[in-house]
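One structure is given here, and the rest of the page talks about it.
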Amino acid sequence: MPATSQQQVGSRGRCAALLLPLLLLSVAPRPGNATINIPSKYKIRDLKSPPVITAQPESVTTFSADDITLTCEATGNPPPTFRWVKDGVEFDPSKDPELSVSRDSGTFSLTAKDGPIHQYQGRYNCYASNVLGTAVSNEARIVTENTPTLQKEKKVSKKVEEGESVVLPCNPPNSTVAPVIHWMDKKLRHIQQNERVIQGRDGNLYFSHVTEADSRDDYTCNTHKCLIAVVAPKGGPTASNSVVRNRRPQMMRPTGPSSSYLVLSGQNLDLECIAQGLPSPKIQWIRKDGVLSESRTSKDSYDRVLRFKNISVSDSGEYQCTATNLQGIITHTYSVTVEAAPYWTKEPKSQLYSPGETVKLECKADGIPSPEVTWSINDIDPDPRRSVKHGVLTLKNVELSDTAVYQCKAVNKHSSILINAYVYVIELPPQILTEDGVMYSVAEGQMIELACETFGSPRPNVTWEGETWGALVANPRMSQLLDGSLQISNASLNDSGQYTCTVSNSRITITAELDVLNKTVIVKPPLALRIQRGKPATLTCEYQVDSRQDAPQVQWRKNLQKLTESSDSDKYMIDESTLIIPDVKEEDEGTYTCEVITTLDIAEASGSITVVDRPDPPTQIQMTEPKERSVTLSWTPGDDHNSPVLEYLIEFEETEYERKEWEELSRVSGNRQRTTLSLKPFLSYRFRVIAINDIGKSDPSMYTDVISTPAAQNIVRSFNGPGFEYKVMWRKVLGSGPSWHIKSIKSPPLIITDVGNFSAFEIKVQAVNEMGEGPEPKSTIGYSGEDYPLEAPLNVGVDLISSTAIKVVWAPIKRETVRGRLQGYKISLMHYGPESRREHVREGKPSNISFVMTDSNEEMKVLGDLLPYSHYALSVSVINNKGEGPQSDPLTFHTPEGVPGPPSSLLLDSPSETEMILHWTPPSQPNGILKGYILRYQQGALTDSLIHFHQALKLDPHSRYRFYLRGYTSLGEGLPIIREGATTLDGVPPSNISLSTGETSVNLTWVSKERQRNVGFFIHYLKKDGTWKHSERVNSSQSFYTLRGLQSGSEYRLKIDFKNKTLWEDEIQTAGAKFLEVRKGFVTESWFIGLISALVLLLLVLLILCFIKRSKGGKYSVKEKEEGQIDSEARPMNNEGFGEYSDNEEKRTASQPSLCEDSKLCTDDALDDYANSNSVQTEVIMDESLASQSSGVRDVPDPGTQESSPLNPATPGQHRDQTWIHILAQD
């Protein structure tokens, strides 16, 4: 049998020990191991090494029926020898015939036997030695015990009053191994425990108060000692019938007001609080000197146990248990002290040393109380010439003889720990471990290290020489590192060549070749761009790389963040060394860095994008210092959007006239924020300010309040007299002579008709009253109303500039045909669609019409943003203030081919883990004849590949890809459409499923995995004692399924199989009442029932014949008694048949042979046996909660009761009640 390991007090497990008021634990950690630090490349034969223990012996507690094994294994060269010390005395297991010893180690074992084993109890240490030293193992203890025997205890019966407390002692056999105790009844069923009845940690069964239900005689204490079971029969309490009275709480375990516990850090501690009382007391725990940690403690046994798992020093303190019921309170205080066995805070390291070096072995340990640290060498006290201070062992000027295994031991009152560390003083010949002839490449200006790794004892020195440089010590750019490598910083092209590394005082050398390549240079860095919002921006990064290098990777960053990681796939278009932002927004401002990355160096250059726009309108417009003919206007500038304001435009509006128009009043420099405005008399003004920068004008500001100027001195509202009126005078400027047309009016306006279209008139207005005429007014020139222009421009022509731009020219219009003030020209541009759709031109249905306005002095206009490879027509008309004149004859033209727009759509489809199928639709603007498509995709570095429709790519299933698809015409490539994605992984059914059970169904939920293909599967389910069934087909993508058709209160086993492998399995029990199914046996088969019925009928006929024959065959000596014993069931028969018997009747029957003479069926015994047997016995096994079968079978009479038969019926007092069993079946 295997040996039983010693368990620490306070641990949990099959053999968890009981906690006593004073708890003392011990720990024996394993010592650390170390290895010789010799490089694996170093070539040496038969290198000796000190012993290192690799398998430690462990303490065991064993019985005579157990095997004993103490393990001790170690490595070393030469192989170590082993010896044992028991209780400080040499112990040779090979001399004990009962022990078997391993050949290759110090391990020995004892096979289980019936004889005594106490002679092997003790403390053991294993020593592993070779010529370089001795390593010592941990101390291991063997504790031997006799097999526990069944205690002979008398069955005890306790009689107590209901409501009193009772303790049933267990008294398990004494042992160092804590037993596992269970209280059971005679049927080996556990005694139900609750707040009233609880088993203590000492094994006793505690009743806080007893009830009548506790009365029983089969309380049994079952002790399990690690594979050894001891059953100790106990009695039980018997509750007497008395008046039940409530009782105050009293402590049952532990007793008294307080108790103390000492426990070691890292172990488990259980504080127990069992109290008596009626009603059962409620238990509460607190920490008196702090807050009770919910994360470090847990409660068990109905709050009767406070458990500390992996206790720490911070758990030291006072804890209190309070037991409360309606009658009172009682408390118990627990003083917990946590100390610690020794543990290492710094372990000494085994190391290789050269002669003459100084060795320091640091060994530090901690514990509570603080441990004492001592050193020994090969298990012998160290030489006095070696110093030990604060746990540090120092060896100066070590020699080969100092090679040994050193032991550091830490001891306090709880336990001791030991660790081995060897000092290996050795001389090893030097070797160069780096390969000869290694080729190094470096870019100009970078740093490179030429390796020359060496090893030896003492450490070898190396020197470097160059092919053209000679000794390299004097070169400031070259330095030799501690590991022997040559470091060259700021490499130049002249550094190329061969270098030699030599071990000093030897002929051991290697060479290395260095090739210095031209550094990567960015010849055209990104520019600092100023881009208006909504416009595209293009940053380029042209570079030059040494031809001997592979193609570089170009990485773009915005504000040091990789664009491919931090931006949307549609935001940026990266095409090799070009970065395109199609639609610049404010958030696109920043510094853009282009990194050209090669295997040897990185070149980078930065540009920037500054988003500019029209300025925001000025705010806080204020009028100050108002005067008769002036006012001061001030404002606050708005945001200039990175483009300084050049000037401010001040506009005014006269509010007294119906026709309100804003007119320019003044312009001021952009660095000013106020100005003084000159005003005219007798007018009402309001003002607004517009800011102007290089991009354009801002929106107007809010207008000011109205300000009115007073009238001039000679024009006032009193008119200086009565009869005031206006004298209006007018005449044509040309052709009407010096005479004036005059008309007087009281107030404006004056409308004059029949004056012609857009004729110039000289106009004067004079104020007049009864006193006379006012001052002579100055004349002004005015024009009559305008009419629509008469003619269209002539000689309209089109010059093609590019596929998207044209220049439109026309001849100047005759001024007399304008019939008004010439405002400009209107160009009507009609788009009829692409070149391939000529029917739109024939049908005269343009798909789009746009208009462009020109100034009056323009006779040429460049139109852009046209669609390439399209049919257009245009016409030009004249515009005056009245409106538009007739259009010129349409002039048709078509634009040449251009590059296409992006494809309309791009869809990614993954048929497998390594394939991606791309589906796309042609560009909505092909801009020419499409020649084909170009697809580029990115996975780390950019790779070009021409892909045709629906072509599959072999891809890495663990990578994400970005695809750039663009069409091309004869003029070149168009804009790309960009999509990012990854392949779809092969799907598998879910394996992490959450279950929610109902009465007849169970809900299964799971999370569908990303990128996994949908896969169908079945959910298999098995009812206990049933057959496997499966659900309908379920898809992995639906994430939810309800399995229906289950039976309530039943246990089921669920699983999912996929590809002949079970991926998931679980067990459930449905809710609701349990469905019971009575197993059908042969007794319920129809053939059996028929057979039994026939036998019963045959027996009944024979019995009737026997009764008749017996009643006719003679006289009964006690006729009255027989009649008195007739069963009530026979009484309906006429008593005359069993009354008087005549001699004649006896004579008639005497000669007849009896049916019973040759048959035993008619004997009294046979009849009695028949009456006491059941024709059919059916055994139904079911819960106690159910009654029994509906067949109405009578209970079998107990032995000793009077038997009854059809001839000897039971008396009313003896007749047993019938028990009816009703079986409930659920669907």
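A short reminder: the numbers here are calculations on the coordinates, not readings from a lab. It should be emphasised that the depicted structure is a prediction, and the values quoted were computed from it without experimental measurement. With ideal geometry, Cβ positions are generated from the backbone for all residues, glycine too; neighbour counts draw on all protein chains shown.
Between residue 490 and residue 739, how many nm apart are label points set 7 Å from Cα along the C-beta direction?
Calculated label separation equals 10.3 nm.
Once you sort the root eigenvalues of the Cα gyration tensor of segment 514-567 as a ≥ b ≥ c, which label holds: rounded (a/c under 1.5), prolate (a/b larger than b/c) or oblate (the other case)?
Here segment 514-567 falls in the prolate category.
Quick one: net charge of residue 459's neighbours, Cβ under 14 Å, K/R +1, D/E -1?
Every neighbour counted, the sum reads -4.
Is there a pair in 48/409; 562/931; 1009/1061; 113/187; 86/409 whose C-alpha atoms are over 30 Å apart, and which pairs would that be?
Pairs exceeding the cut-off: 562/931; 113/187.
Note down the net charge around residue 1022, summing +1 for each Lys or Arg and -1 for each Asp or Glu among other residues with Cβ under 15 Å from its Cβ.
Local net charge: -1.
Under a 5 Å amide H to amide H cut-off, with H placed in plane at 1.01 Å, what residues pair with residue 998 once short-range neighbours are removed?
For residue 998, whose amide H was placed from the backbone, the distant partners under 5 Å are 1003, 1071.
Take residue 309 and residue 1108, extend 7 Å from each Cα along the Cα→Cβ direction, and tell me the distance between the two endpoints in nm.
Here the modelled spin labels are 8.4 nm apart.
Can you tell me the length gained on complete extension of the stretch residue 624 to residue 1008, counting 0.36 nm per residue apart and subtracting the Cα distance?
Extra length available between residue 624 and residue 1008 comes to 131.1 nm.
Across segment 963-1105, what fraction of all alpha-carbon pairs, as a whole percent, falls in each successive 5 Å bin from zero upward?
2, 7, 12, 13, 9, 7, 6, 6, 6, 6, 6, 5, 4, 3, 2, 1, 1, 1, 1, 1, 1, 1, 0, 0, 0
Output wanted: per-residue J couplings in Hz (rounded whole) for segment 46-62, from phi through Karplus 6.51 cos²θ - 1.76 cosθ + 1.60, θ = phi - 60°, x for Gly and Pro.
Those phi angles translate into 6, 6, 6, 9, x, x, 10, 6, 9, 9, 8, x, 10, 5, 9, 10, 9 Hz.
For residue 682, project a label point 7 Å along Cα to C-beta. Then give me every residue of segment 765-790 with its amide nitrogen under 17 Å of that point.
765-780
Can you compute the FRET efficiency between residue 329 and residue 155 using 1/(1 + (r/R0)^6), with r the Cβ-Cβ distance and R0 = 30 Å? Round to the nearest 0.05.
0.20
How large is ³J(HN,Hα) for each residue in segment 281-294, as worked out from phi by the Karplus curve 6.51 cos²θ - 1.76 cosθ + 1.60 (θ = phi - 60°), to whole Hz, x for Gly and Pro?
x, 8, 10, 10, 10, 9, 9, 6, 9, x, 9, 6, 6, 6
Distance in nm between label sites at residue 217 and residue 449, each 7 Å beyond Cα in the beta-carbon direction?
8.9
What FRET efficiency do you get for residue 362 and residue 81 if R0 is 25 Å and r is their Cβ-Cβ distance, rounded to the nearest 0.05?
The formula returns an efficiency of 0.25 here.
Segment 482-554: which trypsin sites (Lys or Arg not before Pro) are DSSP loop and have at most 14 other beta-carbon atoms within 10 angstrom?
Those satisfying the criteria are 507, 548.
Give me the number: length gained by fully extending residue 747 to residue 1053, i.e. 0.36 nm times residue separation minus the C-alpha to C-alpha distance, one decimal in nm.
Between residue 747 and residue 1053, full extension yields 99.6 nm more.
Any of 299/364; 680/727; 558/585; 814/845; 680/746 with alpha carbons more than 26 Å apart? Name them for me.
The pairs that break the limit, which is 26 Å between Cα atoms, are 299/364; 814/845.
Enumerate the amide H contacts of residue 107 below 5 Å, restricted to partners 5 or more residues apart or on another chain; note that Pro and chain-start residues carry no placed amide H.
72, 102
Apply the a/c threshold of 1.5 to the C-alpha gyration tensor of segment 736-780 and tell me whether it is rounded, prolate or oblate.
In terms of gyration-tensor shape, prolate.
May I ask you to derive the FRET efficiency for residue 814 and residue 646 from their Cβ-Cβ distance with R0 = 35 Å, giving the value to the nearest 0.05?
Efficiency for this residue pair is about 0.35.
Would you mind checking which residues have amide H under 5 Å from residue 643's amide H? H placed 1.01 Å from N; only 5 or more apart, or other chain.
Correct list: 613.
What full-extension length gain, to one decimal in nm, is calculated for residue 694 and residue 855 as 0.36 nm per residue of separation minus the Cα-Cα distance?
Length difference between fully extended and current span is 55.9 nm.
List the GluC sites (Glu not before Pro) within segment 486-588 that fall in a DSSP loop (any state other than H, G, I, E or B) and whose Cβ has at most 14 other Cβ atoms within 10 Å.
Listed in order of number, the matching sites are 576.
Once you list every other residue whose beta carbon is under 12 Å from the beta carbon of residue 636, what net charge do they have if Lys and Arg are +1 and Asp and Glu are -1?
Around residue 636, the surrounding residues sum to -1.
Using a ≥ b ≥ c from the Cα gyration tensor of segment 667-801 (square roots of the eigenvalues), is it rounded, prolate or oblate, where a/c under 1.5 gives rounded and otherwise the larger of a/b and b/c decides, a/b for prolate?
In terms of gyration-tensor shape, oblate.
Looking at segment 421-459, which GluC sites (Glu not before Pro) are DSSP coil and have at most 14 other C-beta atoms within 10 Å of their C-beta?
Passing both the DSSP loop test and the Cβ count: 427, 435.
Please list, in order along segment 338-344, the HN-Hα scalar couplings obtained from phi with the Karplus expression 6.51 cos²θ - 1.76 cosθ + 1.60 (θ = phi - 60°), rounded to whole Hz, x for Gly and Pro.
In residue order, the calculated couplings are 10, 10, 9, 5, x, 8, 7 Hz.
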